[in-house]
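A.B. asks: One structure, pasted below without further comment.
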């Protein structure tokens, strides 16, 4: 088989209802592309029949490779596993839920052929809920502010990367990371194109409200010192306000007597509680950064691969 020009990386987690159609459409699209290709599907600890469907498909299609995790590690770990296995010069990531139609892949490949290092995509006429759209807008704005790269849709999984960029990504052994942002930091030429978006017909989204909050917090703390600097600014400001309040209380006590000081006791307590809250928040934030340092120095692997499956045959990595 010829060395692939294009590698498709698809993380899979409990998508048994979508996989048959995804595989059929993906095969049609890539055969029509007219370039040597491979499709790498990473089973991220699925608990349904996803792995069985993938095994059966691999026995029929030699272009399919299946990476099977021993448990669920998350979407970004699955993408990294696909990146490490990809051999193509252009690597395209895609979700398995069919909300990003596989038919859009040739658009990204064509744009990459123009010499770009990373090609993102902007979902047009999104079919998500109002909540998901609002959360996505917030994430995009915060991401642009933190990284300084002004893109419009960081949440879209349909993206294309140059092989050199992917190699650099794989060499970055960060435990908590956000692949689109990390890639943009290493890429030279970046662009984005509009793509279609479809409503999820089967299954349910794997990103709950709490997971979206965690993703955003990971993004901020992994790529910026802004929270620490903001906390320092708040600390300095509150310290100045505290000294000003203390001066007012002392002056009032000297000029107006003890009755005035007693009447301001509740204001004093309110200020004290506020300062204690800021202090506890600062300690928690420092603990979060310290915990991330602790996770990094342990140097644990991002994932554990149980099997690699090709042509229906299992082998150990």
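The values are calculated or read from the model by the stated rules, or taken from the named source; none is laboratory data. Since we're looking at a predicted model, the values are computed, not measured. Neighbour counts are summed over all protein chains in view; Cβ atoms, including those assigned to glycine, are modelled from backbone coordinates with ideal geometry.
A.B. asks: Restricting to the stretch 1-29, give me the number of residues that are surrounded by fewer than 24 Cβ atoms within 10 Å (Cβ to Cβ) and part of a loop (DSSP other than H, G, I, E, B).
C.D. replies: 10
A.B. asks: Does the stretch 137-152 contain any residue that is part of a loop (DSSP other than H, G, I, E, B), crowded, with 18+ Cβ neighbours inside 10 Å and modelled with pLDDT of 70 or more?
C.D. replies: no
A.B. asks: Take residue 41 and decide whether it is part of a helix (DSSP H, G or I), in the same structural domain as residue 101 (by TED's automatic domain parsing) and under 23 Å from the mean Cα position of the chain (by Cα).
C.D. replies: Considered against the rule, which asks whether it is part of a helix (DSSP H, G or I), in the same structural domain as residue 101 (by TED's automatic domain parsing) and under 23 Å from the mean Cα position of the chain (by Cα), residue 41 comes out as no.
A.B. asks: Moving on to the next point. Say we look at the stretch 85-115 and pick out the residues that are within 15 Å of the chain's Cα centre (by Cα) and part of a loop (DSSP other than H, G, I, E, B); which of these is modelled with the lowest pLDDT?
C.D. replies: The residue in question is 95.
A.B. asks: Which residue pairs have Cβ atoms closer than 6 Å, lie 6 or more positions apart in sequence or on different chains, and pair a first residue in the stretch 69-84 that is in a loop (DSSP other than H, G, I, E, B) with a second residue that is surrounded by fewer than 23 Cβ atoms within 10 Å (Cβ to Cβ)?
C.D. replies: 70/304; 70/306; 71/45; 72/45; 73/303
A.B. asks: Quick one: in the stretch 175-207, of everything that is surrounded by fewer than 16 Cβ atoms within 10 Å (Cβ to Cβ), at pLDDT 75 or above and under 27 Å from residue 302 (Cβ atoms), which residue is nearest to the chain's Cα centre (by Cα)?
C.D. replies: Ranking the candidates gives 185 first.
A.B. asks: I'd like the full set of residues that are closer than 21 Å to residue 78 by Cα and either in contact with a helix residue (DSSP H, G or I) (Cβ under 8 Å, 6 or more places away or on another chain) or surrounded by fewer than 18 Cβ atoms within 10 Å (Cβ to Cβ) (or both), limited to the stretch 94-114.
C.D. replies: Those that are closer than 21 Å to residue 78 by Cα and either in contact with a helix residue (DSSP H, G or I) (Cβ under 8 Å, 6 or more places away or on another chain) or surrounded by fewer than 18 Cβ atoms within 10 Å (Cβ to Cβ) (or both): 94, 96, 98, 101, 102, 105.
A.B. asks: To continue, here is another question. From the list 286, 272, 255, 244, which residue is part of a helix (DSSP H, G or I), at pLDDT 70 or above and under 30 Å from residue 74 (Cβ atoms)?
C.D. replies: 286
A.B. asks: A further question on this structure: Looking at residue 32 and the list (1) in a strand (DSSP E or B); (2) surrounded by fewer than 23 Cβ atoms within 10 Å (Cβ to Cβ), which single condition is not satisfied?
C.D. replies: Of everything listed in (1) in a strand (DSSP E or B); (2) surrounded by fewer than 23 Cβ atoms within 10 Å (Cβ to Cβ), residue 32 misses just condition (1).
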